[in-house]
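Contents: one structure, followed by commentary.
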Amino acid sequence: MTSALSYIKPNTWLFLRLPSKSLKILEIKPNTIIDAGKLGSFPSNLLLGRPYYYTYEILEKREDEACSRLRRVPPSELNAEIVNEDATPNESRGEPTTPSGVPVAFEMTEDIAVETKTNRLTVDDANRQALSQAEIEEMKRSTAGKEIIEKILANHSGLDEKTVFSRAKYLLRKRNKYLRRFMALPMDIGNIITYITEKEPHRILDIREEALGLVCAWSNAHVTSVELDNNDTEASSARSGRWLVVDETGGLLVAALAERMGILHKTELPSEGKAEPTTYGTEAHDTSDNNDGGVSLRPETAESTGAERSIANGTPKTEHVHRDFPTPAHGNTITLLHPAVQPNISILKYFGYDSNTPDPAHPMHTHLKSLSWLQLLHPEEDPTYREPEVVPEAQLTKWKSGKRGTYWKKRRRWERCKNIVDEAREGGFDGLVIASNMDPATILPHAVPLLRGGGELVIYSPTIEPLVQLMDLYSKERRTAYINLLAKGEMPSTEDFPVDPRLLLAPTLQTSRVREWQVLPGRTHPMMTGRGGSEGYVMTARRVIPLEGGVEARGNFSAKRKRTDTADATSAP
Amino acid sequence: MEHENRVVAALEHGQPPLLSKTTTSNPFFHTSSATEEGSLTILHLRRDNLVPVTLRRTADDGYAEGAVTNTRFGSFPHSTLIGLEWGSQVRASRVDTGSRGRKGKAAKQQDASIQIDNRLPTPDPQHDISNGCHTAAEEIGQPTRSTAVDAGSGFIHLLPPTPEAWTASLDHRTQVVYTADYSYVLQRLRVRPGSRMIEAGAGSGSFTHAAARAVFSGFPEDSHVGELKQVGKVYSYEFNVSRVGTLREEISAHGMDEIVQLTFRDVCERGFLFPIGFDTTPHAEAIFLDLPKPWEALRHLTRSSTPSESALNPDVPVHLCTFSPCIEQVMATTAYLRKNGWTEIEMIEVQNHRIDVRREQVGLKNEGLRGVNASAATVEEAVARLREKGGPWRHIQSKAERLEKLRKEAEERKLYKEGNLVHRTEPEVKTHTSYLVFAVLPVDFTDGDEEACMQQWSVDDIMKVEKPPTNGVK
Ligand SMILES: C[S@@+](CC[C@H](N)C(=O)[O-])C[C@H]1O[C@@H](n2cnc3c(N)ncnc32)[C@H](O)[C@@H]1O
């Protein structure tokens, strides 16, 4: 879609995947040297403009140069290494069978029949490698990776005894160790997950890519095209495409949903040509405080059509969007509920949005709205929600511009806060998506009523227990008991009914796990090891509007049920 | 010959989509504030029993109430379903299913909207009731429509359509890709709003709907889309004529004509380009292949120095997923990919299961109750019962008396919060759907491109031996 994910652009974040498979993150700046640790160092300029998904080899540094140069390794070379060297039979447990009906593209190499060595005679002994570690180190300094590997192999006395299979494996291990290569990968959600999972999975609540995929699909998050007449801002159509999110994954969940909604990436609009795409420093088009001349009451509040009409990727026409407290967009938005004063959405910085120094041209600037639980539940107790005093225009004109700027800033801050809080409290959200450390049973009583009828609820949890307990609060039996109490005119206690069990339809709990395979001719099998840790569970349900009073179920199972007294009243779905 | 070409083109593309504003009312991407006449609505009967229905005011089939959908949870005149808040629970109505006349047969063929009937194996509503649902919605005006009367029992919920609900409601024209798989596939393929993707074969259209939602970035006629932004699109292919027909109708009915372009074609033979027409190539950046021999289709998915001759977007890395049930297919596919410059080749399977949660009631006090385990819950309970049995009071209470007493007590008990809260995998699990092969085809990067980069990003200065600032890797 965007070439930003095709070629490496200056001042963007990207990943280098090292031979060990681990990811390194870096923000690439022109005219600097990238230090890739043991692999060596090379100028950033040798990556800039180059394509992602290529493997780059760090060449031997030339005497007269400050650091190494790179060689782009064509995929054909990599694949040839994998296939040719490794086209060998499986090690044991019987010969591989030749699948019938497999087209020519899948060829078993001829040596399959010949290669019948087994590992029976192989001696496992570190000393069989005739080069000492010191020698290898010495070689590393003087030789390119490929040569090292060849030398090592030549010096491995037992290599001939090994089966082709284990030789290939040995080779692969050595290659990964000594080839100074990396693959350049773009900044995207999948790579971020891999990167964080390796280091501190708890930061993102251990969420796996498969779980995140489920969450996003079931949330039904998508672009909502908000077409407005300028005076139509209150119409319900203008308000559509709003998702309420409780995210304690450092912004990963917000980022994933935002991507589905088309508001994560800043669109490259060459025609607008405003500075570099990634300039979110201090110097660029700051319109917030320098409105000296403006003396009208609303010098430049963003009632400009820009903010309202902007949808999806379309960023608002920037002239009237404030850097500090912009008027939030009405539709195609994410409302983020956070437990602390400020939300933790640090992951968004990798996508060019930093809430401390926001880029007014980034769609998140107006399409992400955040509020604290205090603001949602007790707005009157929150100082930001209290209206700052209004100063008459006559008096304002006498103020110094700095003071006037502060005044407007305060007003904007309050307006934005009030706008977000009031709109959130009104409800009508299309979806509610939760990945939080808090007990979901304490979130739902407040948040479920804010969903529109038919809206989606999705909750992710790294462990199953909180969701099991939650499912129980919405059980058929509890719902029936709840309705029976209401029918008797009694108020169900919050102790027995922390949530209104009638409001969710078909709550469902599931988990996904991907299993990775090695696919090589004659040696195809699931990977032997994988990552443990949290499985990750997802609960889904839809918000419904219950009928007043009891409703009696019906269906072809009702014959079996003799006693259709009120106790059975609500059982169907 | 030329005639033949035109015939092929006409067959492949079907009717050109009507470029009317109605396409913006796409029920999947924009939910109206309430159910309306003509709304595609998912009737939620119970979990895993969803029925898509287009709401109509009028119908024939002699129901005095107008259009009526019959389910095993009762009958639902559409007049009771229109104008409600989405998500509403609706009671069944008393509908006289026996005495209605069968009229208006002639008008049937005319009506394009009898979608629901198409989906049913048997057209007779009397039989359909047992296997789900039937809608009698055909003809025009029923001047003396009577108001529906509450049936006293039975209800359903009205849901706005989503790809997930649509997938769950599909009858099985073909094997379909379910949410657990497609959610992962779309995530991995990096499909985003504005993406252009290829899908083959379309089959029942389960994946198609999810992909359409993922690429959707606005309608071409929306003013903001303009030239600034690429409009997301799914280029879908299918070589079974009746599946093409059904899916095309659904795509149109769902307002997705401009988002999904379904082509009737054998892609292994004829590839993905469009010889005739305005847009001759999909210029795709993501590919999903769910057909028996993906490697044969892949022959047509290569880069070319002439961009118009490639189905792929020349400027982006192309992400691929093939979906094959058998390991032999996987091996053939990966062998092909390795020979043809693809990278990041990986094979995985998605294992998904749902989990039941319930309260397990164990204990003697549950004797005689339904769905419980009435054995002793604890050693103490067992011992107490043994004492009772062996002790001098054993004749005091008969079994019947005991059960009656327990039943009375149970009415006062809060069973919903007693017992052990347990969870287990649902009884039926899909243990294998398919193997998913993923791969990436990087952009072509020529020596010329490299030279241009060397010019733009010179390293002459930095290579001089005194140290410039380092760009640390974290
Ligand atoms: C398993 S189904 C696809 C199901 C679909 N992915 C879904 O989610 O509903 C496979 C489809 O591919 C079609 N197909 C098989 N080979 C094809 C070819 N060479 N060209 C076009 N379609 C093909 C078949 O007719 C069939 O409908």
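A short reminder: the numbers here are calculations on the coordinates, not readings from a lab. What you see is a predicted model; the values in this text were computed from it and never measured. A quick note on method: Cβ atoms are made from the backbone with ideal geometry, for glycine too, and the neighbour counts reach across all protein chains shown.
The table below gives the values:
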{"quantity": "Global geometry of segment A:390-483, whether rounded, prolate or oblate, following the gyration tensor of its Cα atoms and the 1.5 cut on a/c", "calculated": "prolate"}
{"quantity": "Ranking of B:Lys414, A:Lys409 by count of other Cβ atoms within 10 Å, fewest first", "calculated": "B:Lys414, A:Lys409"}
{"quantity": "Overall form of segment A:1-49 per C-alpha gyration tensor (a/c, 1.5; a/b vs b/c)", "calculated": "oblate"}
{"quantity": "Rounded if a/c under 1.5, otherwise prolate or oblate - segment B:164-349, Cα gyration tensor axes", "calculated": "rounded"}
{"quantity": "Residue exposure sequence - A:Arg386, A:Arg72, A:Arg260 - by fewest surrounding Cβ within 10 Å", "calculated": "A:Arg386, A:Arg72, A:Arg260"}
{"quantity": "Number of partner chain Cβ atoms within 10 Å, mean per residue of A:22-35", "calculated": "4"}
{"quantity": "Among A:183-191, A:444-452, the order from most to least packed when residues are scored by Cβ within 10 Å on average", "calculated": "A:183-191, A:444-452"}
{"quantity": "Radius of gyration and Dmax over the Cα atoms of segment B:359-425, both given in Å", "calculated": "13.3, 47"}
{"quantity": "Residue order, fewest to most beta carbons within 10 Å, for A:His525, B:His254, B:His423", "calculated": "A:His525, B:His423, B:His254"}
{"quantity": "Charge-dipole axis of segment B:164-349 as Lys and Arg at +1 and Asp and Glu at -1 on Cβ define it, positive-most pick from B:Gly201, B:Ser305, B:Ala284", "calculated": "B:Ser305"}
{"quantity": "Inter-chain shielding of B:340-352 (mean C-beta neighbours from other protein chains, 10 Å cut-off)", "calculated": "6"}
{"quantity": "Square roots of five times the Cα gyration tensor eigenvalues for segment A:433-564, Å", "calculated": "38, 20, 13"}
{"quantity": "Rounded FRET efficiency, nearest 0.05, which uses the C-beta distance separating B:Thr378 from B:Val429 and R0 of 51 Å", "calculated": "0.95"}
{"quantity": "Cα centre as origin, Lys/Arg/Asp/Glu Cβ charges: segment A:433-564 dipole, Debye", "calculated": "700"}
{"quantity": "Pairs of Cα atoms farther than 25 Å apart, segment B:272-385, %", "calculated": "51"}
{"quantity": "Net charge over other residues, Cβ less than 14 angstrom from the Cβ of B:Asp48 (K, R count +1; D, E count -1)", "calculated": "+1"}
